[in-house]
Each structure stands twice: as C-alpha cells, then as structure tokens.
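Here the structure is laid out as structure tokens; the discussion comes afterwards.
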C-alpha cells in the first residue's frame, strides 16, 4: 500500500468525523463502504493528490470517527452528515466517489444535493433492493453477534476479505491489520454491528425514480469478480442514470481499489477530463 496521509478531524453536529486530506486542485471526496474505512483509498488518494484536493472520509462509526450507538447509521443519515461535512469544510462543488455502501450514500447525496457536485462515480456499489447481502445479513443473528462481541475471529474475517479480492496475494499482514483495526475494541465491534442493523434497502429503492432524472455525469465501475454484489446493480444504474458510463473491469473483485488502483485512478481522471465542470 502507498502512504496514508495524516488523520484530521471535523465536527459535524455533536460528532467528530475523521478524514485524510492531501493535494490541491478540484476537490474529490472518497466515501468507503462497510468493512472498510479511509485506508481503502490509500493508493488512489496518493495517485490523485498530485493535481486534486483529495479527501477520504471515515463515516460515523468507522475508522477514527466517533462511534455513537444512539444515532442512525442508515445510508440516508450518512448522506446528511456528508452534507454537513462539506459545509463544515466550506468546500466548493466537488467530485464524489463512493464504493460499496459509499456508492449508495453517493446516490442519495446526488439526488438531494446535485448543486453540490461536479459529477458522481460509483465503484462496486450497492443499489436498489439487491442488498444487504451475506455475510452482512448474518451479523444480525444473535449467535453471530455474540461471537463477534466475545472475540474477533480473524480467520473468518480474513476469508471475508479474501473473497472480496481478485488478486489474493495482495492481502498482506499489514493490509489485514488495517481491515481489522477498528474491530479490535468492544466499541468498534459494537459500532460495526450497529451499522449492519441500520441498513435498509428502502433508502435506495425510494430514490430510483429520482435517479432517472439525475442531471449529473456518472461513472459506474464494476469489478467483474465481485462476489458480494450483483452485476445487475451496475447494469440497472447504467440504464437508469441518463448521462452515465458503465465500465466493466475483468481482473477486479469487490475491493477494486486494492486490486486495480492504477486503473481506477486512470478511469477517474479520464471521466473527469471528459466532462466540463458545471458552472
């Protein structure tokens, strides 16, 4: 993995959100999904920071952000906090990139705040009613929750990560350490389980009509070896969003940022350069 930039913090309402920021130029916000946090963007952030102001956010309940258990971690609420985050940093209209659940958050944000965006990009995103999927749904079972709370089964979690990679040799001990870091404390495990309980695909089914009217350029990237999310999500998004491009990547799994960081970076750069900034 390339270097990770220092963690910074921003107050959004009563909670503190962590983020990593580097570079200068047009603003890019990178939003992760479940099982990850800002570390997943390390190589892409480093690549883009030469000519973009890159911000990789830790969602509430993830990474180094606060982990309250008395507020919702639904995609809709995360999208509202993203708006608060952008306001707190006084950001101009920006490029928004989301992965996994972050792609769902990005969809909601784009529908509700299109004036805040230059464009939208989604990598192996959730969508419609095709999710949540295993193994996330199993974490709602009482027995599984008790096992996770009692101790972190590194062997099991390692298999979850491996299944999400096309190039399994990239799962180094250091990368695995980053995946498991937030789950090493009871607070982190409780926040992770709270996140799973808050997931509701109605957050995305209720915006499906709005996506068809979305007046933003959109890039949809699908790692063809994604074993967690259906290819039907990307296909339907490509059909529904008027000004969209669907890019299929053969040698990439769910964690496409790790499998193909250079390809993802190049694809984002081309997408952005091909579209004039909105005035």
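The values are calculated or read from the model by the stated rules, or taken from the named source; none is laboratory data. The structure displayed is predicted, hence computed values, not measured ones. Here the Cβ is made from the backbone with ideal geometry for all residues, glycine too, and neighbour counts use every protein chain on show.
A few comments on the model shown:
- Summed over the stretch 223-252, the residues that are under 13 Å from residue 130 (Cα atoms) and over 18 Å from the mean Cα position of the chain (by Cα) give a count of 3.
- In the stretch 20-31, the residues that are in a loop (DSSP other than H, G, I, E, B) and in contact (Cβ under 8 Å) with a residue 40 or more places away in the chain: 26
- Check on residue 17, outside any strand (DSSP E or B), within 20 Å of residue 187 (Cα to Cα) and modelled with pLDDT of 95 or more: no
- The condition of being in contact (Cβ under 8 Å) with a residue 40 or more places away in the chain, surrounded by fewer than 18 Cβ atoms within 10 Å (Cβ to Cβ) and touching a strand residue (DSSP E or B) at 6+ places or on another chain (Cβ under 8 Å) holds for only one of 68, 114, 6, that being 68.
- Residue match in the stretch 109-117 (condition: in a helix (DSSP H, G or I), closer than 24 Å to residue 181 by Cβ and in contact with a helix residue (DSSP H, G or I) (Cβ under 9 Å, 6 or more places away or on another chain)): no
- Count of the stretch 75-108 residues which are assigned to a helix (DSSP H, G or I), touching a residue at least 60 places away in the same chain (Cβ under 8 Å), surrounded by 19 or more Cβ atoms within 10 Å (Cβ to Cβ) and touching a strand residue (DSSP E or B) at 6+ places or on another chain (Cβ under 9 Å): 9
- Number of residues in the stretch 33-65 that are within 24 Å of residue 267 (Cα to Cα) and in contact with a strand residue (DSSP E or B) (Cβ under 6 Å, 6 or more places away or on another chain) equals 13.
- Within the stretch 72-103, being more than 12 Å from the chain's Cα centre (by Cα) and within 16 Å of residue 123 (Cβ to Cβ) holds for one residue alone: 95.
Here's the yes/no breakdown for (1) modelled with pLDDT of 95 or more; (2) surrounded by fewer than 17 Cβ atoms within 10 Å (Cβ to Cβ); (3) over 22 Å from residue 62 (Cβ atoms):
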site	(1), (2), (3)
195	no, no, no
200	no, yes, no
213	yes, yes, yes
220	yes, no, yes
243	yes, yes, yes
254	yes, no, no
258	yes, no, no
267	yes, no, yes
270	yes, yes, yes
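- Condition check for residue 40: within 14 Å of the chain's Cα centre (by Cα), outside any loop (DSSP other than H, G, I, E, B) and surrounded by 20 or more Cβ atoms within 10 Å (Cβ to Cβ): yes
- One residue from 160, 133 being assigned to a loop (DSSP other than H, G, I, E, B), over 18 Å from residue 216 (Cα atoms), at pLDDT below 90 and under 19 Å from the mean Cα position of the chain (by Cα): 133
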